[in-house]
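Enquirer: If you scroll down you'll find the structure; I have some questions about it.
Rule-based calculations on the coordinates, nothing more; no lab input. Remember, predicted model here, so these are calculated numbers, not experimental data. A quick note on method: Cβ atoms are made from the backbone with ideal geometry, for glycine too, and the neighbour counts reach across all protein chains shown.
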Ligand SMILES: [Mg+2]
């Protein structure tokens, strides 16, 4: 039995890349949406310094795993071609593994956040100690999934989502990488 590893789990949209403002009167499958994932490759814009922050997590001894809901193909708001083009850019980043849930909200799957299925599957695959790991996200769904898996949770706050309470709260991944490095020193 090898020693369990520590991981940083990350959400994608709103954490690695910018989210898109659809305005105040946009509905997807009867649910009002305002901030959404990019639905086309041209809407996909990585946030600054993301690659360096992910590498800093690795350098601090964590494996770095993306856990993202991508239901927009199921909802018909995005083509598979655009999804694949975006993910091709994501795969270039310093990530050790990528878990994607493509199910819609009525599918009943165990992987779609706020369920912790992707984190639990990753823990099994990589022998991760979830209690020594972090989930970083920008929505309540990420935070619930992270807590359900037993991880510490980190909230990326950018003004549109400031009402959610968590122990760690940052504006950027770089900011959290500094906190993490300071925590390791103690
Ligand atoms: Mg998000």
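Enquirer: Among rounded, prolate and oblate, which fits the stretch 1-100 when a ≥ b ≥ c are the square roots of the eigenvalues of its C-alpha gyration tensor, a/c under 1.5 means rounded, and a/b larger than b/c means prolate?
Expert: prolate
Enquirer: I would also like to ask the following. Over the chain, with a single point scatterer placed on each C-alpha, what log10 of the ratio I(q)/I(0) does the Debye formula yield at q = 0.14, 0.19 1/Å?
Expert: -0.75, -1.44
Enquirer: Now for a different question. Mean separation of Cα pairs under 8 Å and 6+ residues apart, divided by the residue count of the chain: what relative contact order is that in percent?
Expert: 24 percent
Enquirer: Separate question: Give me the Å³ per residue figure for the convex hull around the C-alpha atoms of the stretch 80-143.
Expert: 115 Å³
Enquirer: If you restrict to DSSP beta bridges whose two residues both lie in the stretch 7-185, what percentage is antiparallel, to the nearest 5?
Expert: So the antiparallel bridges amount to about 25 percent of the total.
Enquirer: Take the Cβ-Cβ distance between residue 73 and residue 126 as r, set R0 to 25 Å, and report the resulting FRET efficiency rounded to the nearest 0.05.
Expert: About 0.40, to the nearest 0.05.
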